[in-house]
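Below is one structure; the comments refer to it alone.
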Amino acid sequence: MRDYPKHLNSRADYEYVRAHFPHNKWAKDFRRLLADEYRWFPAGQYDTADGLTVDATHKVDESKTGTGTDEKTVYLYSELRADENCKMYRLGYTRAEVENILEAGK
């Protein structure tokens, strides 16, 4: 491999770029692992938004269903939480490991 790879698909790929390229090349890929750890998951659909908590980890999106006179507004409630299937976990890294790698590479 001569140039920085376009795709990192395995833990071995991540470790390879760490060992063979400067920090400024691979740090963005490790930061992306951290950024993709959390995502929005559906937590319910409601006819009204009254009583639904809205904060940094909960949101409400308004959606229209039906057409014409049958159109109805529904509120989609979502919760931000760690995605068990995120790439970081699939590769076998933990948040602490990736943060330590980024800090040590500086």
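The values are calculated or read from the model by the stated rules, or taken from the named source; none is laboratory data. Treat the numbers as computed from the prediction; the structure is a model and nothing was measured. Here Cβ is always computed from backbone atoms with ideal geometry, including for glycine, and neighbour counts include all displayed protein chains.
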(request) Mind listing whichever residues of region 21-56 are in contact with a strand residue (DSSP E or B) (Cβ under 7 Å, 6 or more places away or on another chain) and either of a type in the set (Phe, Trp, Tyr) or at positive phi (or both)? (result) 38, 40, 41, 44, 46
(request) For region 72-106, name all the residues that are assigned to a strand (DSSP E or B) and touching a Leu at 6+ places or on another chain (Cβ under 9 Å). (result) 75, 77
(message) Out of the residues in region 57-99 meeting the condition of being out of contact with any strand residue (DSSP E or B) (no Cβ under 8 Å at 6 or more places or on another chain) and at positive phi, tell me which one is modelled with the highest pLDDT.
(response) 92
(request) Scan (1) assigned to a helix (DSSP H, G or I); (2) in contact with a helix residue (DSSP H, G or I) (Cβ under 9 Å, 6 or more places away or on another chain); (3) farther than 21 Å from residue 96 by Cβ for the single condition residue 5 breaks and write down its number. (result) (1)
(request) Output the number of residues of region 1-31 satisfying the condition of being in contact (Cβ under 8 Å) with a residue 24 or more places away in the chain, surrounded by 14 or more Cβ atoms within 10 Å (Cβ to Cβ) and either of a type in the set (Val, Ile, Thr) or within 19 Å of residue 86 (Cα to Cα) (or both). (result) 4
(request) Could you please tell me which pairs satisfy a Cβ distance under 7 Å, a separation of 6+ or placement on different chains, a first residue in region 92-106 that is farther than 16 Å from residue 17 by Cα, and a second residue that is aliphatic (A, V, I, L, M) and at pLDDT 95 or above? (result) 95/34
(message) Between 17, 60, which is closer than 26 Å to residue 104 by Cβ and either in a helix (DSSP H, G or I) or among the aliphatic types (A, V, I, L, M) (or both)?
(response) 17
